[in-house]
Amino acid sequence: MLKNFPTYFKKRKKGLILIAEQNIIKTPTVIDCFEKDGGQILILEWIESGTKTKQFWEDFGKQLTALHYCTNDYFGLEKNNYMGSVGNAMNFLLCGLPSLFNNVGNL
């Protein structure tokens, strides 16, 4: 994985920390992230699974919506990232739909 997706877990770590900093949804704490023997290791806090009741899904939907309402002066992150295993060249762009859509072809 390291060869095909360098720094994949380091970027996952940054993403999890960014989500946790919003204090909206329970996010596992990153315990460690490192490379060993040509591989990548990401160790996370264990979160016990709860019962998936109707209330759980309503709360989860509200939290996910709230997370997507977080704003910034720029769109994207300071470094390229991954969307799954696909590279995601979303460096900072000035906010606003015209700026975003004018730069989509450059991704």
How many residues are under 18 Å from R12 (Cα atoms), at pLDDT below 90 and surrounded by 10 or more Cβ atoms within 10 Å (Cβ to Cβ) when one looks only at region 30-74? 2
For K26, work out the one condition from (1) open to solvent by 60 Å² or more (accessible area, probe 1.4 Å); (2) modelled with pLDDT under 95; (3) outside any loop (DSSP other than H, G, I, E, B) it doesn't fulfil. (3)
For K11, indicate whether it is touching a strand residue (DSSP E or B) at 6+ places or on another chain (Cβ under 6 Å) and either open to solvent by 100 Å² or more (accessible area, probe 1.4 Å) or assigned to a helix (DSSP H, G or I) (or both). yes
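The values are calculated or read from the model by the stated rules, or taken from the named source; none is laboratory data. Source: prediction; values computed, not measured. Reconstructed Cβ throughout: ideal geometry from the backbone, glycine too, with neighbour counts over all protein chains shown. Just so you know, the surface numbers come from the protein's heavy atoms only, side chains and all, with ligands and any DNA or RNA stripped out. Shrake-Rupley method; radii C 1.70, N 1.55, O 1.52, S 1.80 Å.
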